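Beneath this line is the structure, given in structure tokens, with notes to follow.
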Amino acid sequence: MATNASETINPPEGWSVQSPFGVLKTDRGALLVRLEDVHAWLMKRDGMPSASAVARVFGVFVSDANSALGMEHGIERVRACLHLTDLSGYAEPVHGFAGLQYLREIADLAPYVPHHHFDRRTPEALMYSLGLMAGEVWAPHDLEIDLNDRLEGYTAEGYFPTVAKAREILGRFAVPFAAAHALWGWGSAVTEAVATPAPSAPVLALVPTEANNTEAPISEPSPWRKNRKVHAAEWTGERLTEKRQTLKGRDTTQQLAKMTGLPAREITRREKQARDDAAQALKAGNRASGMAA
């Protein structure tokens with residue numbers, strides 16, 4: 001018999017799978033905790049004020065959390081663990097189709113807050129704006145507040161949503177237990193020894209798959225990331241750019257995504273790679289022409 005160690009994250013007392021904004025579970029059974037509940041837990045555990053707890057929660061989504069998770073690309077992998085709850089179904093990851101749609105809606109509701117590190121309409125800029133709203137709506141106030149009064153001067157264009165809408169938006173963000181424990185120490189880790197029978201004959205090594213990796217979806221790269229260069233290889237950067245020029249409407253990237261089956265980020269990567277290759281080729285050609293002359 002062989003013994004393997006299996007780590008389980010137990011939630012603090014008071015956690016419930018049901019939340020005001022939907023069930024805290026994915027369709028594959030992974031349990032989640034809302035960012036708002038992590039914020040309240042940090043205040044209680046560390047005795048910190050609301051503003052400090054908000055900074056602790058949202059800071060990991062706008063700065064490199066590499067050291068916290070031991071990942072090669074910390075910040076992108078940390079944001080990828082975000083999920084959105086749904087009143088009519090299971091929670092979904094933000095990088096799924098429905099999640100991306102909702103993030104675009106939020107980006108239209110949350111005004112751009114100028115920052116010397118974050119460009120307009122980037123994930124960092126959106127999380128920074130949401131963090132500012134959380135700093136107000138999650139803080140204890142005696143009276144009803146207006147975000148545009150409280151945050152006057154932060155943005156020169158656009159308006160913040162109502163407090164009720166801001167609470168609804170922020171209340172839907174959640175992360176898996178494993179991510180919450182790795183990032184903020186939320187919950188308690190319990191290691192259990194699991195006995196497995198030794199194989200009677202050599203067998204192929206078991207490869208973790210997305211289907212059986214429900215507890216910590218951020219611990220391994222997805223099959224898409226491993227095979228992105230060969231997936232839909234016929235859609236080169238040059239072909240994608242040519243096709244984009246024939247499309248109509250505002251979000252041509254999403255149109256290309258539906259047409260090719262490629263994620264929006266991969267479409268952008270391939271088009272950029274094509275532009276970089278063309279620029280290098282042009283530079284090399286000019287250098288060769290100069291030498292010949």
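From the phi of every residue in the range 238-244, what ³J(HN,Hα) in whole Hz does the Karplus formula 6.51 cos²θ - 1.76 cosθ + 1.60 yield, where θ is phi - 60° and glycine or proline is x?
5, 5, 4, 5, 5, 5, 4
With every protein chain present, what accessible area does His39 have (1.4 Å probe, heavy atoms only), rounded to the nearest 10 Å²?
10
Enumerate the calculated ³J(HN,Hα) couplings along the range 50-55 in order (Karplus 6.51 cos²θ - 1.76 cosθ + 1.60, θ = phi - 60°), each rounded to whole Hz, writing x wherever the residue is Gly or Pro.
Calculated HN-Hα couplings, in order: 4, 4, 5, 5, 4, 4 Hz.
Counting only protein heavy atoms and using a 1.4 Å probe, what share of the accessible area of the range 7-60 belongs to carbon plus sulfur, as a whole percent?
Working: 1380 of 2700 Å².
Here it works out to 51 percent.
Which entries in Lys44/Lys165; Lys248/Lys272; Lys165/Lys243; Lys25/Lys258 show an alpha-carbon gap greater than 31 Å?
Numbers: Lys44/Lys165 26 Å; Lys248/Lys272 21 Å; Lys165/Lys243 38 Å; Lys25/Lys258 27 Å.
With Cα atoms farther than 31 Å apart: Lys165/Lys243.
Need one value: the accessible area of Lys165 in square angstrom, 1.4 angstrom probe, rounded to the nearest 10.
So the heavy atoms of Lys165 present about 70 Å² to solvent.
From the phi angles alone, apply the Karplus equation (6.51, -1.76, 1.60; θ = phi - 60°) to the range 160-165 and give each ³J(HN,Hα) in whole Hz, x where the residue is Gly or Pro.
Here the 3J(HN,Hα) series is 6, x, 5, 4, 4, 5 Hz.
The values are calculated or read from the model by the stated rules, or taken from the named source; none is laboratory data. For clarity, every value in this text was computed on a predicted model and none was experimentally measured. These accessible areas exclude ligands, DNA and RNA; they are computed on the full protein's heavy atoms, side chains included. Shrake-Rupley method; radii C 1.70, N 1.55, O 1.52, S 1.80 Å.
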